[in-house]
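The values are calculated or read from the model by the stated rules, or taken from the named source; none is laboratory data. This one's a predicted model, so the numbers in the text were calculated from it and none came from an experiment. So basically every Cβ, Gly included, is an ideal-geometry build from the backbone, and we count neighbours across all protein chains shown.
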Amino acid sequence: MTLKIGFMQGRLSSVINGMIQSFPWQFWQSEFALAEQLGLGLMEWTLDQDRLYENPLLTDDGQKKIIQLCACHAIRIPSLTGDCFMQAPFWKVSGDKRIALEQDFVAIATACRSVGITYIVVPLVDNGRLDTVDQEDQLVEFLQDHVAFFSENHLKIVFESDFPPAELASFIERLNPQIFGINYDVGNSAALGFDPAEEFAAYGHRILNVHIKDRVLGGTTVALGAGNANFEAVFKELGRICYQGNFILQTARAEDDDHATALAHYRDMTSDWIDEFGLLLRV
């Protein structure tokens, strides 16, 4: 039995073009064996708008290879972070451009079904943040129109947002709890100065996936324990709501490029918090 701790794809590879997160084109296959060696049985796929339809997830041969690698290395891919939705949000454009991006969303969801991905993380942050009521309404309308599609394909759409707790709660309450939920990012909440107790009181019952990372208040990602994230408070709240989902390590990159050792350390820290707060989560 393996603890439900996984990693964000790319975190076992060298940094590409100085970006903390992007699809590891050269190394994506080798990460499966590395993850198996570290006892990380879960991977969260990453997807960029650039070269979208070249990504292995979106090709027939790529999907076959993904399924083969998962079977060979005892890895599951339960979730996908769609950075593409943040890079090219359909709720901020109109006309043919919007139609094309909405078609991308459906294509991605269909691909997820093909390889067994359940959770699609939509980042409503940075370029993808909801700036107006109209943008929110356009997003909600599209999602509601596709509820049957998501349900038939056993997909859940989860949102990461920079909304304050009350606003995020109001947003998620507009959407069917059987299909839609929240991706709670420990580091992002810390960077925004949010109080975990207030967050979990507002929408804890809708959290379906958790990203583990640390950030400084108003600043960037740092090593776990070096920033402003209050992990004890967060895990206490997760225990209180009897959270049963996954923990995905979206942690800082290793300065010495020894990403496997860094990720193993972060895995152990997360495992200790799980044990300390009674979250005996196993696959």
Notebook entry, point to check: What are the residues in the stretch 250-276 that are farther than 28 Å from ILE117 by Cβ, in contact (Cβ under 8 Å) with a residue 40 or more places away in the chain and in a loop (DSSP other than H, G, I, E, B), if any?
Noted result: ASP257
Next item on the list: State which residue pairs qualify: first residue within 19 Å of ILE99 (Cα to Cα) and inside the stretch 123-148, second residue of a type in the set (Val, Ile, Thr) and in a helix (DSSP H, G or I) in any location, beta carbons under 9 Å apart, and separation of 6 or more residues or different chains.
Entry: HIS146/VAL106
Checklist line | Residue count for the stretch 75-106, restricted to those that are without any contact (Cβ under 8 Å) to a residue 12 or more places away in the chain, more than 18 Å from PHE149 (Cα to Cα) and either among the polar types (S, T, N, Q) or assigned to a strand (DSSP E or B) (or both) | finding: 1
Notebook entry, point to check: Any residue in the stretch 2-12 that is touching an Asp or Glu at 6+ places or on another chain (Cβ under 9 Å), under 30 Å from GLY278 (Cβ atoms) and of a type in the set (Phe, Trp, Tyr)?
Noted result: yes
Note to self: Could you go through the stretch 56-74 and let me know if any residue there is basic (Lys, Arg), in contact with a helix residue (DSSP H, G or I) (Cβ under 8 Å, 6 or more places away or on another chain), closer than 21 Å to GLN26 by Cα and free of Cβ contacts under 8 Å to residues at least 60 places away in the same chain.
What the structure shows: yes
Note to self: Six or more apart or on different chains, Cβ atoms under 7 Å: show the pairs whose first residue is in the stretch 204-230 and in contact (Cβ under 8 Å) with a residue 40 or more places away in the chain and whose second is of a type outside the set (A, V, I, L, M) and part of a loop (DSSP other than H, G, I, E, B).
What the structure shows: LEU208/GLY245; ASN209/GLY245; HIS211/GLN250; ILE212/GLN250; ILE212/THR251; THR221/LYS213; LEU224/THR251
Check: So is ALA111 over 20 Å from the mean Cα position of the chain (by Cα) and either surrounded by fewer than 19 Cβ atoms within 10 Å (Cβ to Cβ) or over 17 Å from LEU139 (Cβ atoms) (or both) or not?
Finding: no
Next item on the list: Return the residue satisfying two criteria in turn: it lies in the stretch 107-166 and is under 24 Å from ALA191 (Cα atoms), charged (D, E, K, R) and assigned to a helix (DSSP H, G or I), and of such residues it is modelled with the lowest pLDDT.
Entry: ASP126
Next item on the list: Check PHE247, PHE194 and return the single one that is aromatic (Phe, Trp, Tyr) and in a loop (DSSP other than H, G, I, E, B).
Entry: PHE194
Check: On the given criteria, is GLY204 touching an Asp or Glu at 6+ places or on another chain (Cβ under 6 Å) and in a helix (DSSP H, G or I)?
Finding: no
Next item on the list: Give me the pairs, please: first residue somewhere in the stretch 28-48 and under 16 Å from VAL15 (Cα atoms), second residue anywhere and among the acidic types (Asp, Glu), beta-carbon distance under 9 Å, and either six or more positions apart or on two chains.
Entry: THR46/ASP83; LEU47/ASP83; ASP48/ASP83
